[in-house]
Amino acid sequence: MDQEAYEAWLELDSKERANCHKVPPVRMQSILKDTTIEAIGAALAKNTRGVAQIRDEIAGFFRDLNKYRAGSDLENYLEMWCQDPVILNRVSKESAPILDPFLMLAGTTQPKVFERSLNLVFTNGSGLFDRFLYVWPKYTEKAKYKNVNIQEAIETFEGSIKKVYNYSNEKKDTNINFSFSPEAERLILEWLNVYNKGLVDEADEAVASLYSKFDIHLQRICLILHFISWVFGEGDLDSISVETTSKAIQLTEYFRRQSEQALDYLINTDPLERLKPYQLALYNKLPKKFKTVEGKEMAKSLGLSERTFFYFISNNPRLFSSVKPGFYEKL
């Protein structure tokens with residue numbers, strides 16, 4: 001039943017409602033934003049095809065892990081990435097296990113914020129860092145505005161999404177296995193068992209952990225491209241073609257290079273190399289240990305505002321440590 005009919009039923013008196021029992025409609029929701037792990041569990045229980053959690057600033061996601069309690073939010077996210085069954089208990093009611101959870105988590109951030117937010121997660125050995133796919137451009141330039149008619153593209157995109165959605169709705173109670181064509185199977189097994197295995201075996205611990213996740217990334221990308229090909233009339237759904245598999249390998253290698261850049265930024269790049277000239281001048285002027293008031297005076301002598309000083313101190317966790325309120329130390 002739809003929401004309007006249910007709300008009209010709620011307005012009836014208790015006797016009328018008793019004679020005509022109604023079940024509340026299930027809210028179908030594809031996208032979540034700022035939410036708790038319990039709310040994600042409730043959404044997944046109602047939306048068996050899965051949901052997407054979109055964070056405009058994904059640093060907030062890392063800050064919110066176990067924010068309200070010392071719990072197992074991180075472990076639940078790790079299990080959902082593997083699509084292991086999870087039970088996301090809620091205080092108000094008993095929660096049934098979600099046997100096949102599907103959660104897509106995506107967001108954007110700036111390198112400095114990324115470093116500060118991910119530092120604890122990266123060093124705790126959980127492997128959460130390795131489970132993301134990164135887009136990490138070396139150089140960025142603000143795009144110029146121009147007048148472009150994208151209405152046709154929007155309509156095409158909406159039609160494609162509806163085609164996948166309708167197919168998913170038709171098959172929601174059916175387990176479907178998509179096999180590889182013989183040529184595609186030989187190609188993907190060679191990549192998995194020879195190429196990527198060789199990289200994992202030869203890499204150090206941090207990089208090997210990252211590389212090993214690409215076995216799963218590749219297979220998921222194959223499935224995504226398989227559906228894209230079908231949606232745009234370039235193939236059928238019977239089996240994953242060698243052309244699709246080849247494209248998936250190319251895309252997987254792109255994401256590997258991007259992940260390597262993100263990892264290198266976190267563990268190898270000298271933080272001093274990232275500083276702008278005025279920031280480096282301030283860093284060199286500051287003593288090994290200094291008070292906030294001393295730092296502000298030194299920044300002022302270089303023509304920098306108090307706000308610029310505090311932004312510089314707070315956004316460089318690999319350069320400065322807060323010893324106690326009002327006191328800092330260069331690392």
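Checking residue 291 against (1) among the charged types (D, E, K, R); (2) touching a Gly at 6+ places or on another chain (Cβ under 8 Å); (3) within 30 Å of residue 135 (Cβ to Cβ), which single condition isn't satisfied?
(3)
Write out, first by first residue and then by second, each pair whose Cβ atoms fall under 9 Å of each other, whose residues are 6+ apart or on separate chains, and whose first residue, in the stretch 290-302, is in contact (Cβ under 8 Å) with a residue 40 or more places away in the chain and within 19 Å of residue 323 (Cα to Cα) while the second is small (Gly, Ala, Ser) and surrounded by 13 or more Cβ atoms within 10 Å (Cβ to Cβ).
Cβ pairs passing all conditions: none.
Among 255, 290, which is the only one that is crowded, with 18+ Cβ neighbours inside 10 Å and either within 30 Å of residue 108 (Cα to Cα) or touching a helix residue (DSSP H, G or I) at 6+ places or on another chain (Cβ under 6 Å) (or both)?
Step by step, each of 255, 290 is checked, and only 255 is crowded, with 18+ Cβ neighbours inside 10 Å and either within 30 Å of residue 108 (Cα to Cα) or touching a helix residue (DSSP H, G or I) at 6+ places or on another chain (Cβ under 6 Å) (or both).
Against the conditions (1) in a helix (DSSP H, G or I); (2) surrounded by 16 or more Cβ atoms within 10 Å (Cβ to Cβ), where does residue 235 fall short? Just the number, please.
Failed condition: (1).
Within the bounds of the stretch 87-102, is there any residue that is of a type in the set (A, V, I, L, M), at pLDDT below 80 and open to solvent by less than 40 Å² (accessible area, probe 1.4 Å)?
Among the residues of the stretch 87-102, at least one is of a type in the set (A, V, I, L, M), at pLDDT below 80 and open to solvent by less than 40 Å² (accessible area, probe 1.4 Å), which makes the answer yes.
With respect to the numbered conditions (1) open to solvent by 20 Å² or more (accessible area, probe 1.4 Å); (2) modelled with pLDDT of 85 or more; (3) not in a helix (DSSP H, G or I), which one is the sole condition not fulfilled by residue 52?
In the conditions (1) open to solvent by 20 Å² or more (accessible area, probe 1.4 Å); (2) modelled with pLDDT of 85 or more; (3) not in a helix (DSSP H, G or I), residue 52 misses (1) alone.
Can you tell me how many residues within the stretch 197-213 are out of contact with any helix residue (DSSP H, G or I) (no Cβ under 6 Å at 6 or more places or on another chain) and either basic (Lys, Arg) or modelled with pLDDT of 95 or more (or both)?
Number satisfying all stated conditions: 1.
Does residue 275 satisfy the condition of being under 28 Å from the mean Cα position of the chain (by Cα), within 23 Å of residue 108 (Cα to Cα) and either open to solvent by less than 30 Å² (accessible area, probe 1.4 Å) or of a type outside the set (Gly, Ala, Ser) (or both)?
Answer is yes for this residue.
Can you work out which of the residues in the stretch 169-209 that are among the polar types (S, T, N, Q), under 29 Å from residue 130 (Cα atoms) and part of a helix (DSSP H, G or I) is least open to solvent (accessible area, probe 1.4 Å)?
Checking each candidate, the answer is 196.
I want to confirm something. Restricting to the stretch 116-155 and keeping residues that are modelled with pLDDT of 85 or more, under 18 Å from residue 73 (Cβ atoms) and hydrophobic (A, V, I, L, M, F, W, C), which single residue is surrounded by the most Cβ atoms within 10 Å (Cβ to Cβ)?
So, considering only residues that are modelled with pLDDT of 85 or more, under 18 Å from residue 73 (Cβ atoms) and hydrophobic (A, V, I, L, M, F, W, C), the one surrounded by the most Cβ atoms within 10 Å (Cβ to Cβ) is 129.
Suppose we filter 249, 216, 224, 228 for residues that are touching a helix residue (DSSP H, G or I) at 6+ places or on another chain (Cβ under 9 Å), among the aliphatic types (A, V, I, L, M), at pLDDT 95 or above and open to solvent by 60 Å² or more (accessible area, probe 1.4 Å); which single one remains?
216
Restricting to the stretch 252-271, count the residues that are under 20 Å from residue 312 (Cβ atoms) and either modelled with pLDDT of 85 or more or in a loop (DSSP other than H, G, I, E, B) (or both).
2
Which condition number does residue 303 fail, the rest of (1) part of a loop (DSSP other than H, G, I, E, B); (2) crowded, with 18+ Cβ neighbours inside 10 Å; (3) at pLDDT 90 or above being met?
Residue 303 satisfies all of (1) part of a loop (DSSP other than H, G, I, E, B); (2) crowded, with 18+ Cβ neighbours inside 10 Å; (3) at pLDDT 90 or above except (2).
Hydrophobic (A, V, I, L, M, F, W, C) and closer than 30 Å to residue 159 by Cα: is that true of residue 210 in this structure?
no
Only residues in the stretch 250-277 that are over 17 Å from residue 209 (Cβ atoms) count as the first member; pair them with residues that are of a type in the set (Gly, Ala, Ser) and open to solvent by less than 20 Å² (accessible area, probe 1.4 Å), Cβ under 9 angstrom, at least 6 apart or cross-chain, and list the lot.
Final answer for the pair search is none.
The values are calculated or read from the model by the stated rules, or taken from the named source; none is laboratory data. From a predicted model like this one, the values you see are computed outputs, not experimental measurements. A quick note on method: Cβ atoms are made from the backbone with ideal geometry, for glycine too, and the neighbour counts reach across all protein chains shown. Keep in mind that these areas ignore ligands, DNA and RNA; they rest on the heavy atoms of the full protein, side chains included. Shrake-Rupley method; radii C 1.70, N 1.55, O 1.52, S 1.80 Å.
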